[in-house]
1. Under 25 Å Cα to Cα from Lys55, which lysines show up? Leave out anything in the same chain fewer than 8 places away.
2. Kindly state, as a whole number, the per residue volume in cubic angstrom of the convex hull around the alpha carbon atoms of segment 38-152.
3. Could you give me the radius of gyration and the Dmax of the chain, taking only the C-alpha atoms into account and expressing both in angstrom?
4. Would you calculate the separation in nanometres between label points at Leu318 and Gln244, each defined as 7 Å from the Cα along the Cα-to-beta-carbon direction?
5. What is the distance, in nm, between label points placed 7 Å from the Cα along the Cα-to-Cβ direction at Asp82 and at Gln97?
6. Run the quick spin-label model on Ser185 and Gln367: label points 7 Å from Cα toward the beta carbon, then report their separation in nm to one decimal.
7. Which of the three applies to segment 163-291, rounded, prolate or oblate, going by the alpha-carbon gyration tensor with a ≥ b ≥ c and a/c under 1.5 meaning rounded?
8. Mind jotting down the distance between the C-alpha centroids of segment 85-129 and segment 229-280, whole Å?
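Readers should treat all values here as calculations from the given coordinates under stated rules, not as data from a laboratory. From a predicted model like this one, the values you see are computed outputs, not experimental measurements. Every residue, glycine among them, receives a Cβ derived from its backbone with ideal geometry; neighbour counts consider all protein chains shown.
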Amino acid sequence: MKKLLAFALALSMVFALVACGSSAPASTEAPAGTEAPAAGETAAAAAADAPGAGKTVGIAMPTQSSERWINDGANMKKQLEDLGYEVVLQYAEDDVQMQVSQVENMIGQMVDCLVIAAIDSGALTAVEAQAKAAGIPIIAYDRLLMDTDAVSYYASFDNKGVGTAIAEYIVEAKDLEAAREAGESYTIEFFMGSPDDNNAVLLHQGIMEVLQPYLDDGTLVCKTGRTSFEDTCILRWSQETAQQWAENYLSGFYADEDLDIACSAFDGFAYGIRSALEAAGYTEENWPLITGQDAELMAVKNIIAGKQTMSIYKDTRLLAEKCVTMVNAVVNGTEPEINDTTTYDNNVLVVPSYLCTPVAVDASNYQEIIVDGGYYTAEQLAG
Ligand code: BGC
């Protein structure tokens, strides 16, 4: 496919050169009297007409340490290549400086558009300004690019909605209303996302909007007292740090008291919490409710095995699709689909956005949402 595209692009370049060399106006119509184009030429003409023909998109992704970003990158690369774009896809393995250099290099290559899922968007403002000066438009992917006027569009999920979905799941699964009436309580600890990621801040807001009243009246008891974002955020979404926190909790001062709910903002945290619980001797009998985000393959397997209670399914295929319409818009002057023009203020401008809807998945609905939806096959989940 790649070879075919390269061939088609090469042909289209030859055509373009020939057109430039002639004095006749550029036309896609064959002059009267010429033969119908051969099949290969038709394909070449079609490829030359493809929205991405002759254009390159630079995609800067945060890390391959978590499955979701691998899927995001792969989905976007495929969809863009299908439209004729060349794609430069790079991962920075959560190294902020590496991401800055990768974006700088893409600007040096004069890509036609940049798609950035930031590690620390605060560190990118200078390169974003460089891109703007070079006339390269930027799309913020999943994570909002803060403090810059160089961003054209934002493709993401309803990030506060992720938080409310997690919290509402907890309220229902533990029937907190009944617990409140009966004067019962559950212990809960919070594991929130990276402080340099706007998504993490919004997610925490969404969670607290729902759970704060239960914390206030004692239906939920946070033994460590750590409920604020500042106290519960985990830099770079580190699984190791989440595991360490869980180990400290389970072996320390609160070791004698079962943890009922681990309110975790990420599947990676849930894996770390699971390891800590197993090491501390937790069994099916006292296994807590553990939340997550991304519905990674391992997370869904853990849900089936009863080691994680739920996750938030975010269809990265759909997100990639929405982002691709934005790339086309900035490169070819078309209109992308936007469904939010008020929420995502990056401190400089309100970035026009398309927000996909996050969906809570657990053992009761993963078959319908994940398997029937074609996200993972039953074989993948069984393997
Ligand atoms: C994304 C989440 C992801 C997290 C850690 C966030 O910005 O929105 O889907 O779990 O980063 O990678």
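1. Lys2, Lys3, Lys77, Lys78, Lys132, Lys322
2. Numbers: hull volume 10.9 nm³, N = 115.
Taking the convex hull of the Cα positions in segment 38-152, it is 94 Å³ per residue.
3. 24.5, 90
4. Roughly 3.7 nm, to one decimal.
5. It is 4.0 nm.
6. Taking the simple label geometry, Ser185 and Gln367 are separated by 4.0 nm.
7. Note, shape of segment 163-291 comes out oblate.
8. 32
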